[in-house]
1. Looking only at residues in the stretch 69-80 that are in contact with a helix residue (DSSP H, G or I) (Cβ under 7 Å, 6 or more places away or on another chain) and surrounded by 15 or more Cβ atoms within 10 Å (Cβ to Cβ), which one is nearest to PRO121 (Cα to Cα)?
2. I'd like the full set of residues that are under 18 Å from THR57 (Cα atoms) and out of contact with any helix residue (DSSP H, G or I) (no Cβ under 9 Å at 6 or more places or on another chain), limited to the stretch 93-108.
3. Would you mention how many residues in the stretch 14-37 are under 27 Å from ARG63 (Cα atoms) and either surrounded by 14 or more Cβ atoms within 10 Å (Cβ to Cβ) or more than 28 Å from the chain's Cα centre (by Cα) (or both)?
4. Out of everything in the stretch 82-96 that is of a type outside the set (D, E, K, R) and part of a helix (DSSP H, G or I), what residue ends up being farthest from GLU70 (Cα to Cα)?
5. Within the set of pairs 6 or more residues apart or between chains, which connect a residue that is more than 22 Å from ASN100 (Cβ to Cβ) inside the stretch 112-139 to a residue that is assigned to a loop (DSSP other than H, G, I, E, B) and of a type in the set (Ser, Thr, Tyr) with Cβ atoms less than 8 Å apart?
6. Within the stretch 109-139, which residues are in a helix (DSSP H, G or I), among the polar types (S, T, N, Q) and either surrounded by 10 or more Cβ atoms within 10 Å (Cβ to Cβ) or touching a helix residue (DSSP H, G or I) at 6+ places or on another chain (Cβ under 7 Å) (or both)?
Amino acid sequence: MTNKYTTCAQASEAAQALGIKSSAEYLARYREDPKLLCNPNKFYVDEWLDWYDFLGTKRPGERYYPTLAEASEAAQALGIKSSVEYRKARYQDSPKLPSNPKRVYADEWVDWYNFLGTKRPGERYYPTLAEASEAAQAL
């Protein structure tokens, strides 16, 4: 096994430098670097954690914000005001926002107005006296 990376960390860095994102892609492309092995999980057994660690990719479930509230906060921080604006790729300005938050957060989802913190059409009044008072004082 000469001319192979001596540590898992070195092999991992080389695989990531090639832009490999999955174990299947690794098996198809590892020959692009002659120092990479076809089975790093078996060769570096004492150092090996998993393919996600080796390739520097996110585990399932880490792809999006863990809660609707966190996703909502991120979308609002981007200043997105409508579902149309969100869908026109503005969600891509934050790497953890999903293209379809209604599906990803189905158990918590209310509606786009709630998600984006915007008023519904026809909402003419402040929902509470405290909010109306605060707005009046700000004027």
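1. Taking the stretch 69-80 first, the residues in contact with a helix residue (DSSP H, G or I) (Cβ under 7 Å, 6 or more places away or on another chain) are 71-72, 75-76, 78, 80.
Those still in the list that are surrounded by 15 or more Cβ atoms within 10 Å (Cβ to Cβ) too: 71-72, 75, 78, 80.
Numbers: ALA71: 23, SER72: 19, ALA75: 20, LEU78: 21, ILE80: 16 Å.
The qualifying residue nearest to PRO121 (Cα to Cα) is ILE80.
2. The first filter runs over the stretch 93-108 and keeps only residues under 18 Å from THR57 (Cα atoms), leaving 94-98.
Answer for the stretch 93-108, where residues must be under 18 Å from THR57 (Cα atoms) and out of contact with any helix residue (DSSP H, G or I) (no Cβ under 9 Å at 6 or more places or on another chain): just PRO95.
3. 11
4. Looking at residues that are of a type outside the set (D, E, K, R) and part of a helix (DSSP H, G or I), I get VAL84.
5. From the stretch 112-139, the pairs are ALA132/TYR125; ALA132/TYR126; ALA135/TYR126.
6. So the first thing to find is which residues in the stretch 109-139 are in a helix (DSSP H, G or I), and the list is 112-116, 129-138.
Cutting the leftovers down to among the polar types (S, T, N, Q) gives us 114, 133, 137.
ASN114, SER133 - these are the residues of the stretch 109-139 that are in a helix (DSSP H, G or I), among the polar types (S, T, N, Q) and either surrounded by 10 or more Cβ atoms within 10 Å (Cβ to Cβ) or touching a helix residue (DSSP H, G or I) at 6+ places or on another chain (Cβ under 7 Å) (or both).
Every read-out reported here was derived from the displayed coordinates using simple, explicitly stated rules and does not represent laboratory data. Bear in mind that the values here come from a model prediction, so they are computed numbers and not experimental data. Using ideal geometry, Cβ is built from the backbone for each residue, glycine included, and neighbour counts are taken over all protein chains shown.
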